[in-house]
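The values are calculated or read from the model by the stated rules, or taken from the named source; none is laboratory data. As the structure is a computational prediction, the values presented were derived from the model and not from experiment. Glycine gets a Cβ as well: all are built from the backbone with ideal geometry, and neighbour counts include every protein chain shown.
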């Protein structure tokens, strides 16, 4: 399912719940990385750092 990012307040995966409402792009990235598959978190963090930090 595809929806505009501003409609997504919560993302639920088998690894947890990311609460996105009211957060900026950097905070949203941190929340989403925390609920991503563990095998991909390091790569996602590196890419987030490149984009947001």
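Within the stretch 13-53, no residue satisfies the criterion of being assigned to a strand (DSSP E or B) and modelled with pLDDT under 95. Selection of first residues in the stretch 25-39 that are more than 14 Å from residue 14 (Cα to Cα) and of second residues that are part of a helix (DSSP H, G or I), restricted to Cβ pairs under 6 Å at least 6 apart or on distinct chains, gives the following pairs, ordered by first then second residue: 26/52; 29/48. Within the stretch 11-22, identify whether any single residue is at positive phi and surrounded by 10 or more Cβ atoms within 10 Å (Cβ to Cβ), and answer yes or no. Among the residues of the stretch 11-22, at least one is at positive phi and surrounded by 10 or more Cβ atoms within 10 Å (Cβ to Cβ), which makes the answer yes.
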